[in-house]
Amino acid sequence: MIGGGLTGCAAAYAFAAAGIGVVLLEADRIGRGTSAMAAGWVAEDPGVSFVQVERMLGLRAARHAWQSWRRAALDFMALIRRLDIKCDLEARGALAVALTPDQVARMKKEQKARREARLDAPLLNARTISGEVAIAASLGLRTRDDATIDPYRAVVGLAAAAIERGARLFERSAVRRTTFNRKVAVVHTSEGSIRTKRVIVATGTPTSLFKSLQRHFWFKTSYQVLTERVPAKIRRVLGKRAALVRDSVEPPHVIRWVDDERLLVAGADTRVIPPRLREKALVQRTGQLMYELSTIYPDISGIQPEFGWDLPYALTGEGLPYLGVHRNFPHHLFAFGDASHGVTSAYLASRIFLRQFLGESDSADEAFAFTR
C-alpha cells in the first residue's frame, strides 16, 4: 500500500483484519499529509449534487453512490467505537442551506430528485434553520448520520490496529516508481523493491508516479481556517453548535465547531497555485474565508483567524472519487479524487479494495469505478 493517510491506514487495517499480509509505505510520517489537514467530517453523502450525478451516470449509479456513502459513514463510526480509537468522535447532524432564490430553486430540485430515488431528504424551513444554527437561510436539507473526528488521531489509531493484526508500516519510505508484468507488480523505493500481486495506491491524487491518469482530473486547492476562541457571549447567539453546515455556493463552504469554542470553515477553492505564490495565496484566501464567514455569521466580525492552511485535491467530472482498478494498471487499486471536504471515502475505499481483492465486488461499487 502506497500512502499512509486515512485511506491507506483504513485499508491496511481492513486487509490485516482479514488475514491478508500488508506492507504500507509512507513517504513522510503517517497522517501528516492531507489527512491531517482535512475537516474531519464523516459525511453521510458525497457532498455533490445528486441531480448532476444522476444526469451524468444515471439514476441507478447515483442511488448506489449515495447508499454506499451513507453505509460507509455508519460503518466507519462503528469501527472507530469498536477499536476504541481516541479521535474525538462525535455524532452530529448536518445541514445544507440555501441563501438565495437561485440556491432555493436548486435545492428544491435536489430534494425532489433524492425523494424520487427513495433517499431520505427532509427539507427545513427558515425558522428551523435559524433556531438550530442561527443562519438566515431560506431553505435547508438535513442529514442525520454524520459525525466529526480528529482525522490525524484516527489515522494513528487505525495504523496501530493494523500493526496489531500483523501489518507492517514503513515511514520515510518514498516510492520511486512501480512496474509490472503479466503476473506481478514491483514497487521500487530508494532502499530496494517489493514484488507483489496487488498494489493499493492511496495518495488521494495521481502523483508523478501515475502521470497517465492525471487526465481524469482537475487539480484544485481548498482552504481552511480555524478561528481564535469565540467569546462565550457571541457563541450563545450562534445557535446550538451541534450541526455542521454546508452552503450552496460554488464552491461550497463547510462550517463546523471545534471543541464548541472555535469555528472551522473550509472553501475558497481555486486551481492549483504555483509554489512560488502559495504563501501569498494562503494569506489572501484566509482573509477571504474570514470575510465570507462573517457574511454568514455577522456576529463573529472582528474574530481573528488562528490558523489557515491549504488542501490540494483532485476533482472528477461528476464529483465522485475513483476507487478501484484501472485497465492500464491491472495489479493496482486506486483511491483518487475525493472533493467532499469529508473523510468517509477513506473507509469506503478500504471496503471496495478488500471486496475487489477477494473477488467479491458489489454492483454498487461500479458507481466509483474508472469505467463508469
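The values are calculated or read from the model by the stated rules, or taken from the named source; none is laboratory data. Predicted model, so just to flag it, every value in this text is computed and none were measured. So basically every Cβ, Gly included, is an ideal-geometry build from the backbone, and we count neighbours across all protein chains shown.
If you scan the stretch 172-204, which residues turn out to be part of a strand (DSSP E or B), touching a Leu at 6+ places or on another chain (Cβ under 9 Å) and either aliphatic (A, V, I, L, M) or crowded, with 21+ Cβ neighbours inside 10 Å (or both)? Walk me through how you get there before you give the answer.
Going residue by residue through the stretch 172-204, those that are part of a strand (DSSP E or B) are 175-180, 185-189, 192-196, 199-204.
Right, trim to touching a Leu at 6+ places or on another chain (Cβ under 9 Å) and you get 175-178, 187, 189, 194, 199-203.
If the condition is that a residue be part of a strand (DSSP E or B), touching a Leu at 6+ places or on another chain (Cβ under 9 Å) and either aliphatic (A, V, I, L, M) or crowded, with 21+ Cβ neighbours inside 10 Å (or both), then Val175, Val187, Ile194, Val199, Ile200, Val201, Ala202, Thr203 are the ones that fit.
Within the stretch 353-372, how many residues are surrounded by fewer than 24 Cβ atoms within 10 Å (Cβ to Cβ), over 20 Å from Gly58 (Cα atoms) and not small (Gly, Ala, Ser)?
So the answer is 6.
Does Ser212 satisfy the condition of being within 25 Å of Arg106 (Cα to Cα) and hydroxyl-bearing (Ser, Thr, Tyr)?
no
State all residues of the stretch 85-115 that are acidic (Asp, Glu), more than 16 Å from Gly47 (Cα to Cα) and either in contact (Cβ under 8 Å) with a residue 40 or more places away in the chain or in contact with a strand residue (DSSP E or B) (Cβ under 8 Å, 6 or more places away or on another chain) (or both); if no residue qualifies, say none.
Asp88, Glu90
Specify the residue that is surrounded by the most Cβ atoms within 10 Å (Cβ to Cβ); the eligible residues are those in the stretch 134-171 that are hydroxyl-bearing (Ser, Thr, Tyr) and not in a strand (DSSP E or B). Please lay out each step first, then the result.
Initially, the stretch 134-171 is screened for residues hydroxyl-bearing (Ser, Thr, Tyr), giving 138, 143, 148, 152.
The next check asks that each one be not in a strand (DSSP E or B); those that pass are 138, 152.
Details: Ser138: 15, Tyr152: 19.
Selected residue: Tyr152.
Can you tell me which residue in the stretch 323-341 is surrounded by the fewest Cβ atoms within 10 Å (Cβ to Cβ), limited to those that are part of a strand (DSSP E or B) and out of contact with any Gly (no Cβ under 8 Å at 6 or more places or on another chain)?
The extreme case among them is Pro330.
Against the condition surrounded by fewer than 15 Cβ atoms within 10 Å (Cβ to Cβ), under 23 Å from Ala36 (Cβ atoms) and among the basic types (Lys, Arg), how does Arg278 come out, does it pass?
Against the criterion (surrounded by fewer than 15 Cβ atoms within 10 Å (Cβ to Cβ), under 23 Å from Ala36 (Cβ atoms) and among the basic types (Lys, Arg)), Arg278 qualifies.
For the stretch 205-221, enumerate the residues that are assigned to a strand (DSSP E or B) and surrounded by 16 or more Cβ atoms within 10 Å (Cβ to Cβ).
Lys220, Thr221
Go through the stretch 227-246 and count every residue that is under 18 Å from the mean Cα position of the chain (by Cα) and either farther than 26 Å from Phe336 by Cβ or surrounded by fewer than 21 Cβ atoms within 10 Å (Cβ to Cβ) (or both).
Pass one, the stretch 227-246, residues under 18 Å from the mean Cα position of the chain (by Cα): 243-246.
If we keep only those that are either farther than 26 Å from Phe336 by Cβ or surrounded by fewer than 21 Cβ atoms within 10 Å (Cβ to Cβ) (or both) as well, we get 243, 245.
Summing the residues that are under 18 Å from the mean Cα position of the chain (by Cα) and either farther than 26 Å from Phe336 by Cβ or surrounded by fewer than 21 Cβ atoms within 10 Å (Cβ to Cβ) (or both) in the stretch 227-246 gives 2.
Do we have any residue at all in the stretch 64-81 that's closer than 23 Å to Pro251 by Cβ and touching a Lys or Arg at 6+ places or on another chain (Cβ under 6 Å)?
No: the stretch 64-81 contains no residue that is closer than 23 Å to Pro251 by Cβ and touching a Lys or Arg at 6+ places or on another chain (Cβ under 6 Å).
Return the residue satisfying two criteria in turn: it lies in the stretch 303-322 and is part of a strand (DSSP E or B) and among the acidic types (Asp, Glu), and of such residues it is nearest to Arg32 (Cα to Cα).
Filtering the stretch 303-322 down to residues part of a strand (DSSP E or B) leaves 305-315, 322.
Add one more test, that the residue is among the acidic types (Asp, Glu), and what stays is 306, 310.
Values: Glu306: 20, Asp310: 13 Å.
For the stretch 303-322, the residue satisfying everything is Asp310.
Could you run through the stretch 287-297 and say how many residues are more than 17 Å from Arg256 (Cβ to Cβ) and either basic (Lys, Arg) or surrounded by 14 or more Cβ atoms within 10 Å (Cβ to Cβ) (or both)? Spell out the reasoning first.
Within the stretch 287-297, the first condition is being more than 17 Å from Arg256 (Cβ to Cβ), and the residues that meet it are 287-288, 291, 295.
Then keep just the ones that are either basic (Lys, Arg) or surrounded by 14 or more Cβ atoms within 10 Å (Cβ to Cβ) (or both); that gives 287-288.
Number satisfying all stated conditions: 2.
What residue, of Thr270, Thr295, is over 26 Å from Thr128 (Cα atoms), of a type in the set (Ser, Thr, Tyr) and assigned by TED's automatic domain parsing to the domain that holds Thr128?
After applying the criteria, what remains is Thr270.
Out of the stretch 209-239, which residues are touching a helix residue (DSSP H, G or I) at 6+ places or on another chain (Cβ under 6 Å) and either in the same structural domain as Phe180 (by TED's automatic domain parsing) or of a type outside the set (Ser, Thr, Tyr) (or both)?
Val225, Ile234, Val237, Gly239 - these are the residues of the stretch 209-239 that are touching a helix residue (DSSP H, G or I) at 6+ places or on another chain (Cβ under 6 Å) and either in the same structural domain as Phe180 (by TED's automatic domain parsing) or of a type outside the set (Ser, Thr, Tyr) (or both).
List the number of the failed condition for Asp260; all other conditions in (1) acidic (Asp, Glu); (2) outside any loop (DSSP other than H, G, I, E, B); (3) in contact (Cβ under 8 Å) with a residue 12 or more places away in the chain hold.
(2)
Is there any pair linking a residue in the stretch 9-23 that is assigned by TED's automatic domain parsing to the domain that holds Phe170 and in a loop (DSSP other than H, G, I, E, B) to one that is modelled with pLDDT of 95 or more and buried (at least 22 other Cβ atoms within 10 Å of the Cβ), with Cβ under 7 Å and at least six apart or on different chains, and which?
Val22/Met1; Val22/Ala12; Val22/Phe15; Val22/Ala162; Val22/Ala167
Report every pair of residues separated by at least 6 positions or lying on different chains whose Cβ atoms are under 9 Å apart, first residue within the stretch 42-58 and closer than 11 Å to Ser340 by Cβ, second assigned to a loop (DSSP other than H, G, I, E, B) and β-branched (Val, Ile, Thr).
Val42/Ile149; Val42/Val343; Ala43/Val343
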